[in-house]
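> Okay, handing you the structure first.
The values are calculated or read from the model by the stated rules, or taken from the named source; none is laboratory data. All values derive from a computational prediction rather than experimental measurement. As a convention, Cβ positions derive from the backbone with ideal geometry for all residues, glycine included, and neighbour counts pool all protein chains shown. Please note that ligands, DNA and RNA were not included when accessible areas were found on the heavy atoms of the full protein model with its side chains. Shrake-Rupley method; radii C 1.70, N 1.55, O 1.52, S 1.80 Å.
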Amino acid sequence: AANAMLSHVDELRLVRGFSPDVIEKLRPFVTALPEFSAINVNTAPREVLALRQQFGMAMAAVVLGGQSAQQPAVGEKCPQCGGELRYKGQKHKVVESRTGALDIARGYYYCARCRSGFFPPGPATGVG
């Protein structure tokens, strides 16, 4: 079933991007477990750690991918004073996650009235 845990490694063939070739290369490093199990970074092979980071980055890109296409937001109001926010461009921040470093870019806005800068949440930014 969609979005369910795998019961066998061969079920990876149902996931977009996993060709039979890729599955065979992964087979020595993966297994299907009945519940979530963390990777032991002290004992995991280099290949597993590299894939873990690569998949984490790919998932983050999917989750955050819509942000840049939706910016700049028009008509955003300052949450502190109600003044109009001006779009000042994208700001990048590197955040450490369980899968490694993620470079996140979000729209940054400035309110001249109260001299505050914001990363507004909501549909305009794809966050919140």
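> Identify all residues within region 73-93 that are open to solvent by 100 Å² or more (accessible area, probe 1.4 Å) and touching a Leu at 6+ places or on another chain (Cβ under 7 Å); write none if there are none.
77 - this is the single residue of region 73-93 that is open to solvent by 100 Å² or more (accessible area, probe 1.4 Å) and touching a Leu at 6+ places or on another chain (Cβ under 7 Å).
> Then there is this: Restricting to region 7-30, name every residue that is touching a residue at least 24 places away in the same chain (Cβ under 8 Å) and either part of a helix (DSSP H, G or I) or closer than 16 Å to residue 47 by Cβ (or both).
Step one: list which residues in region 7-30 are touching a residue at least 24 places away in the same chain (Cβ under 8 Å), which gives 7-8, 26.
Within region 7-30, just 26 meets the criteria.
> To continue, here is another question. Out of everything in region 3-47 that is among the aliphatic types (A, V, I, L, M) and open to solvent by 90 Å² or more (accessible area, probe 1.4 Å), what residue ends up being nearest to the chain's Cα centre (by Cα)?
Initially, region 3-47 is screened for residues among the aliphatic types (A, V, I, L, M), giving 4-6, 9, 12, 14-15, 22-23, 26, 30, 32-33, 38-39, 41, 44.
With the extra rule that they be open to solvent by 90 Å² or more (accessible area, probe 1.4 Å), the set shrinks to 5, 14.
Values: 5: 20, 14: 22 Å.
It comes out as 5.
> While we're here: Quick check: is even one residue across region 89-111 under 30 Å from residue 55 (Cβ atoms), of a type in the set (Lys, Arg), in a strand (DSSP E or B) and modelled with pLDDT of 80 or more?
yes
> Looking at (1) closer than 30 Å to residue 53 by Cβ; (2) not in a strand (DSSP E or B), which is the one condition that is false for residue 114?
Of the numbered conditions (1) closer than 30 Å to residue 53 by Cβ; (2) not in a strand (DSSP E or B), the odd one out for residue 114 is (1).
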